[in-house]
Amino acid sequence: MAATVVLVHGAWHGAWCWDLVAADLRQRGIDVVAVDLPGHGDDTGPCTDLTGDVARVREVLDVQDGPVVLVGHSYGGLVVTDAGAHPAVSHLVYVAALNPDAGETPMTMATEEAAAAHIDHHGRPNPGHFMTVGDDGMATVSAEGAHLLFYEDCTDEQSAWAISRLRPQPMGNLQQAPSRIGWHDRPSTYAVCLRDNIMHPDLQRILARRATNAVEWDTSHSPFLSRPDLVADLLAEIATS
């Protein structure tokens, strides 16, 4: 019996971003749950901090019958790192995602390793140029920036569909550290996205060293839209192994 796949989106996104991957997995007979973090996707309540986001995922894990492959994209990796300590989780998957160690926030993780690697940001877009942060700490991304940072290898139709669904993201969450580190005591897989414009592929390779296994894809930050087949193939392999 295959494990259930639980999908956690990244900042600004919602469960909708996994639609193509979820449909593919269900056609293969694999149970899938795509989670809306508070204030995102179809959830009309307020956004929460990292603790609230983790609590939402743990609520989903609490009601699963059998093992779970827990998947996080981008900021969602921070959430699943903490929630991944749940006893239902058998494997963690990070898709161009944050996988901090104890005491690390997204702003401080792997800083020494990244400095030693002399990562070259020349010619790459500066995400801050496309973001507006309000007095309430909520950040929005311009349509131009979202296409460049998230969906550069997607079709115009895919990009427009996704951009229309983005929601504001509380930036304070990126200054928080997880209270538990799931990948310390269970297997994990990291998918490096080589054409990523918001999270440098060389940084992803550094973070991938923390995982049990790693793969590399020639995609943007959003392979769930541009290459859902790659994502579904990987998750199906893990869920049925």
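Here are a few things to note about the model shown:
- Ranked by how many other beta carbons lie within 10 Å on average, peptides 106-115, 139-148 from highest: 139-148, 106-115
- For Arg28, Arg209, the sequence from fewest to most other C-beta atoms within 10 Å is Arg209, Arg28.
- Computed over the chain, the P(r) curve from all C-alpha pair distances, binned at 10 Å from the origin, holds 8, 35, 40, 16, 1 percent per bin.
- Using distinct alpha-carbon pairs, which all enter the 1/r mean, Kirkwood radius of segment 115-214 in Å: 15.9
- Cα-centred dipole magnitude for the chain, charges only on beta-carbon of K, R (+1) and D, E (-1), debye, nearest 20: 300
- Sorted by Cβ neighbour density within 10 Å, fewest at the top, the residues Trp18, Trp217: Trp217, Trp18
- Ranked for footprinting exposure by Cβ neighbours inside 10 Å, fewest first, His200, His118, His221 give His118, His200, His221.
- Per-residue ellipticity at 222 nm computed for the chain from its helices equals -9000 deg cm²/dmol, with DSSP H segments shorter than 4 residues left out and the rest contributing -39,500 (n - 2.57).
Where a number appears in this text, it was derived from the coordinates with a stated rule and is not lab data. As the structure is a computational prediction, the values presented were derived from the model and not from experiment. Methodologically, a virtual Cβ is constructed for each residue, glycine included, from the backbone with ideal geometry; neighbour enumeration extends over all protein chains shown.
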